[in-house]
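The values are calculated or read from the model by the stated rules, or taken from the named source; none is laboratory data. All values derive from a computational prediction rather than experimental measurement. Backbone-built Cβ (ideal geometry, glycine too); neighbour counts: all protein chains shown. These area figures cover heavy atoms from the full protein model, side chains too; ligands, DNA and RNA do not enter into them. Shrake-Rupley method; radii C 1.70, N 1.55, O 1.52, S 1.80 Å.
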Amino acid sequence: MSRRIVVTGAGRGIGLGIAKKLIAEGHEVWGTARNPDGATELKDAGAAGVLKLDIGDTSSIEAFGAELHSAVESIDTLVNNAGMTSVDLGVDRRAQGPLQTTKDVVLRQIEVNAVGPMLVTQAVRPLLGKGTGPVVLNISSQLGSMIVGAQMPFDVGYNSSKSVMNMVTVMSATADTDVAYVAIHPGWVQSDMGGPKAAISVDESAAGIVGVLNGITQADSGRFVKIDGTDHPW
Ligand SMILES: NC(=O)c1ccc[n+]([C@@H]2O[C@H](COP(=O)([O-])OP(=O)(O)OC[C@H]3O[C@@H](n4cnc5c(N)ncnc54)[C@H](OP(=O)(O)O)[C@@H]3O)[C@@H](O)[C@H]2O)c1
């Protein structure tokens, strides 16, 4: 059955990969980008629309919510994919461990990677309420896991931001039992963020994520999973 799905940060990287797979499966996909004019690959793939959204800017999230509400009556799925690392703040990511980093670098990543997606979810929650089997899939990271993050302590702002995203996911699952909230680690992926030496391609990651998404039911709410659908350690 065709679902109406919003994917944030769908102009490039994993978000573009997810959007293209979902479109190919016949779903109605609305992507977001900070510069919708530049999202030509997403448009060419057949997206229903590309809306402007900066998840690090509250007024942008409000404007996006209003635009989406005027465009559609309901949505079935939100994929909170957009995200950043400290590299996007112009610093050496390897030098952002807990004994070196700064308040601004840590807080900005939490603002963008965790608070932003939470506010996007709030903005579209009324539309999810009118959807069928509504799902919020948060693209998290293994680095948000206490176990894995402890072994890679070079960007404490990023790891913490994904831990906060995971906490938002489980709390949302408890607070709102009408929507399935799931967090997923997409793998180490050959995107701009993951770099060319990463373990898997965008296509492999997107295929796994879409496979998991297709199988999510309310019983999965509050889970943190890998792209093969098995549980990821917290
Ligand atoms: N790549 C990996 O190995 C890996 C591993 C674990 C988790 N992840 C997570 O997977 C997600 C996608 O990452 P990726 O690898 O595709 O990264 P990417 O290639 O760097 O792409 C990042 C995406 O996020 C968007 N974005 C960044 N800051 C934004 C903001 N303030 N507002 C709105 N959109 C913003 C970008 O949009 P613009 O085009 O507008 O810049 C772009 O679409 C992220 O949440 C990331 O943390 C990635």
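Taking all protein chains into account, the per residue accessible area for the chain stands at 45 Å² (1.4 Å probe).
Spin-label pair M167-A71: with each label point 7 Å from Cα along the Cα-Cβ axis, the two points sit 3.2 nm from one another.
In percent, how large is the relative contact order of the chain, given Cα pairs closer than 8 Å and 6 or more residues apart?
Numbers: 492 pairs, mean separation 43.7, N = 234.
Reported relative contact order: 19 percent.
Length gained on full extension, T132 to D44: 29.0 nm, using 0.36 nm per residue less the C-alpha separation.
Put simply, when 54-61, 214-221 are sorted by average Cβ atoms within 10 angstrom per residue, most first, you get 54-61, 214-221.
What full-extension length gain, to one decimal in nm, is calculated for D178 and A150 as 0.36 nm per residue of separation minus the Cα-Cα distance? Mind showing how you got there, number by number?
Details: separation 28, 0.36 × 28 = 10.08 nm, distance 3.38 nm.
Roughly 6.7 nm would be gained on extension.
Mind checking which lysines have their C-alpha under 27 Å from K43, skipping anything on the same chain fewer than 8 residues away? Reachable lysines: K20, K21, K52, K130.
Charge dipole of segment 1-120 (Cα centre as origin; +1 on each Lys and Arg Cβ, -1 on each Asp and Glu Cβ, all else neutral): 360 debye, rounded to the nearest 20.
Annotation for segment 74-146: trypsin sites (Lys or Arg not before Pro) lying in DSSP loop with at most 14 further Cβ atoms inside 10 Å of their Cβ are K130.
Share of segment 1-130's accessible area from carbon and sulfur, percent, 1.4 Å?
On the way: 3060 of 6040 Å².
Accessible surface attributable to carbon and sulfur in segment 1-130 totals 51 percent.
Rounded to the nearest 10 degrees, the inclination of helix 202-215 to the longest alpha-carbon principal axis of the chain is 60 degrees.
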